[in-house]
Amino acid sequence: MIAPPAPGVFISYRRCDAGPYARLLQVRLGQFLPGTPVFMDLDSIEAGADFAEAIKAALESCRVLIALIGPRWLTVSDAEGRPRLHDPDDYVRFEIRTALAHRARVIPVLVDGVTMPHRHQLPDDLAKLARLNALQMSYDRYEYDESRLITIAQKTLAAEAAETTHWPPGSPPNPPAQPTTRARS
């Protein structure tokens, strides 16, 4: 039997918005969560691979999605001037929507003073994002903000590991206690 992939961390971001934060966070998560897969599109998808399928597979195995929301996250537009977030095929929207559907822990991280988007600014399939408690991340206090985020990721992954048992199919999760016998003396 092949073991399923270890639960990992997925970094969702817009390159033109929070790319440097994503890159630094990827390195630091790798240092603080050794052995935990950390998915970042640029490094995690091989040349020639189907981008959408690779993202979907990574999201299915991730327990934590970090959504880096920078100053342009809501307003980045496509070639016709429409906000990309309102395109159902936008990768950032797809990533967050999929993580919410798979019940991954989605952690909004507000970069450099950005405020949390309001419900009316988001597509319907991302409405829950507006209700999630967010963390701040800024240049001025990056180490503090990063440590808070890494602590939450560690706790979430540890809770996942504690919930996961490796019982064969059909076995009870809590086997009955074996009776003990004592020899009479």
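Just so it is clear, none of the values below were taken in a lab; they were calculated from the coordinates. Here the structure is a predicted model, which is why all the values come from computation and not from measurement. Here the Cβ is made from the backbone with ideal geometry for all residues, glycine too, and neighbour counts use every protein chain on show.
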Exercise for the section: Can you put LEU65, LEU135, LEU122 in order of Cβ neighbours within 10 angstrom, beginning with the fewest? Expected result: LEU135, LEU122, LEU65
Fill in the blank from the handout: Sequence order, the stretch 120-137: Karplus ³J(HN,Hα) from phi using 6.51 cos²θ - 1.76 cosθ + 1.60, θ = phi - 60°, Hz rounded, Gly and Pro as x, gives 5, 8, 10, x, 3, 6, 10, 3, 4, 4, 5, 8, 7, 5, 10, 9, 9, 9
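Please rank GLU146, GLU53, GLU80, GLU60, fewest neighbouring Cβ atoms within 10 Å first, as an exposure proxy. Before the final figure, lay out each step's value.
Working: GLU146 19, GLU53 10, GLU80 6, GLU60 13.
Neighbour counts put them in this order, fewest first: GLU80, GLU53, GLU60, GLU146.
Return the FRET efficiency for the residue pair ASP124, GLU160: r is the Cβ-Cβ distance, R0 is 30 Å, and the value is rounded to the nearest 0.05.
On the way: r = 28 Å, r/R0 = 0.94.
Taking R0 as 30 Å, the efficiency between ASP124 and GLU160 is 0.60.
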Fill in the blank from the handout: Ordered by fewest other Cβ atoms within 10 Å, a rough proxy for footprinting exposure, THR156, THR75 read THR75, THR156
Practice task
Would you calculate the separation in nanometres between label points at LEU24 and ARG148, each defined as 7 Å from the Cα along the Cα-to-beta-carbon direction?
Solution key: 1.6
Exercise for the section: Please give the residues of the stretch 93-128, grouped as numeric ranges, whose backbone N is less than 13 Å from a label point set 7 Å along the Cα-to-Cβ vector of GLU60. Expected result: 102
Practice task
Identify the trypsin sites (Lys or Arg not before Pro) of the stretch 36-91 meeting these criteria: DSSP loop state and at most 15 other C-beta atoms within 10 Å of the C-beta.
Solution key: ARG72
Practice task
Using label points projected 7 Å from each Cα along Cα→Cβ, tell me how many nm separate GLU53 and ARG72, to one decimal.
Solution key: 3.1
